[in-house]
Amino acid sequence: MKVAFVGLGSMGGPQARLIARGAFELSVFDASPSSMETFRGVARLAHSAADAAEGAAIACVCVRDDRQVEAVVSGAGGLAEGLMPGSLLLVHSTVRIETLKSLANRLAPRGVAVVDAPVTRTRPTDDEPFVLTMLGGDPADTSRVRELVQAFSTQIEEVGPLGAAMALKISNNLVSWVHIVVAGLALELATQHGVSPESLGRVMRANGNLTPPVGGLLDGFHRNPPGTNAEYEAFLASQAGIGEKDLALAIECGAAAGLDTALFEQARKLIRSTMVRNTA
């Protein structure tokens, strides 16, 4: 089976490498030449997303946000130019449900189906299946992608029609980001009252509050005091941007469901100050 993969970042790159180990003929594309170069000898290096999609039965997208998904699918040289009738677009990015539905409506006349397949990391390794993949779409389409998705997944959760998997991912991310904000506030509260971060961590670990993302963040804060590690600070700023994007998606979905989104909005307001600490 021919597969195209666009977006070779911290999640997409390892996914694509695991696909390349399987019985698939893989073509890859990324806007970063250095990311592309790491796939030399591993997969065919395409000149564009459209080139990667030529002859592909399935095209995978794993980029940062809605704007990038739109660009790599529908922009100049995008996947839509290369996908043939009967092919399938698999969206791993966390984006608006309306973006998925819009893509599906535009691609349907071309005979191209869309499945939402957001992922969340379940293992710290990149050398073996390391994500849980959520699938949303027509059952006939989700069944077609299972063999491919199994190449990088520790678990597959098929949840319903197009958009259902994205709603699940947005819900899951809401919990993660709110927990990170609350943990950051708890750390500040504890230290202001003379409690060491280590004591807070031990108590949170003992009663189950110390999830891996929160534990990793608190450990990173401990190892990298503000102003001592520019690379780590840049990583936190980038992650804060993802948090703001994910929480904006939760606000939109929550409002559409008639929920009180005040907590979501406050978490979005605080996520950057939680992660990007004062270096003055």
Exercise. Give the accessible surface of the chain per residue, rounded to a whole number of Å², with probe radius 1.4 Å and ligands, DNA and RNA excluded.
Key: 47
Quiz item: K269: which lysines have alpha carbons under 26 Å from its alpha carbon, excluding same-chain residues fewer than 8 sequence positions away?
Solution: K169, K245
Quiz item: Calculated from the structure, Cα extents along the principal axes in Å equals which of (i) 54, 40, 38; (ii) 102, 79, 30; (iii) 64, 46, 33?
Solution: (iii)
Practice problem: Could you tell me which of rounded, prolate or oblate describes segment 128-175, using a ≥ b ≥ c as the square roots of the eigenvalues of the alpha-carbon gyration tensor, with rounded for a/c under 1.5 and, failing that, prolate when a/b is larger than b/c and oblate otherwise? | Solution: oblate
Quiz item: Given a cut-off of under 8 Å on Cα pairs at least six residues apart, what relative contact order in percent is computed for the chain?
Solution: 12
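May I ask you to derive the relative contact order of segment 161-280, considering only C-alpha pairs under 8 Å and at least 6 residues apart, and to give it as an integer percent? Could you put the intermediate results ahead of the total?
On the way: 83 pairs, mean separation 43.2, N = 120.
Here the relative contact order equals 36 percent.
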Practice problem: Kindly identify segment 160-244 as rounded, prolate or oblate by the Cα gyration tensor criterion: order the square roots of the eigenvalues as a ≥ b ≥ c, call it rounded if a/c is under 1.5, otherwise compare a/b with b/c, prolate if a/b is larger, else oblate. | Solution: oblate
Practice problem: Output the antiparallel fraction of DSSP beta bridges having both residues in the chain, as a percent to the nearest 5. | Solution: 15
Practice problem: Tally up the carbon and sulfur contribution to the accessible surface of segment 162-276 as a whole percent, 1.4 Å probe, everything protein left in place. | Solution: 60
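With a ≥ b ≥ c taken as the square roots of the eigenvalues of the C-alpha gyration tensor of segment 203-280, please select rounded if a/c is under 1.5 and otherwise prolate if a/b is larger than b/c or oblate if it is not?
Numbers: a/c = 2.80, a/b = 1.51, b/c = 1.85.
Oblate, since a/c reaches 1.5 and b/c is not below a/b.
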Quiz prompt | Percent accessible area from carbon and sulfur atoms, segment 22-105, protein chains only, probe 1.4 Å | solution = 54
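Full-extension gain between R67 and H222, please, as 0.36 nm times their residue separation minus the C-alpha to C-alpha distance. Intermediate results must be reported in sequence, preceding the final value.
Numbers: separation 155, 0.36 × 155 = 55.80 nm, distance 3.49 nm.
In short, 52.3 nm is gained.
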Exercise. Could you work out how far the C-alpha centroid of segment 118-191 sits from that of segment 62-95, in angstrom?
Key: 19
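With a cut-off of 8 Å between alpha carbons and a minimum separation of six or more residues, what is the relative contact order of segment 1-143 in percent?
Details: 289 pairs, mean separation 27.6, N = 143.
Reported relative contact order: 19 percent.
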Quiz item: Which of the peptides 227-240, 44-57 is most tightly packed, and how do the rest follow, going by the mean number of other Cβ atoms within 10 Å of each residue?
Solution: 44-57, 227-240
Practice problem: Check every DSSP H run in the chain and write down those whose alpha carbon atoms cover 18 angstrom or more along the long axis and whose mean Kyte-Doolittle hydropathy is 1.0 or greater. | Solution: 164-192
Quiz prompt | Dipole magnitude (debye, nearest 20) for segment 145-246, charges at Cβ of Lys, Arg, Asp, Glu | solution = 180
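In segment 114-159, what percent of the accessible surface is made up of carbon and sulfur (1.4 Å probe, ligands and nucleic acids excluded)? Show your work: numbers first, answer last.
Values: 840 of 1990 Å².
Answer for segment 114-159: carbon and sulfur cover 42 percent of the accessible area.
The values are calculated or read from the model by the stated rules, or taken from the named source; none is laboratory data. Note that the structure is predicted; figures quoted are calculated from it, not measured. No Cβ is skipped: glycine too gets one built from the backbone with ideal geometry, and neighbour counts run over all protein chains shown. The protein model used for the area step is the full one, side chains on, heavy atoms only, and it has no ligands, DNA or RNA in it. Shrake-Rupley method; radii C 1.70, N 1.55, O 1.52, S 1.80 Å.
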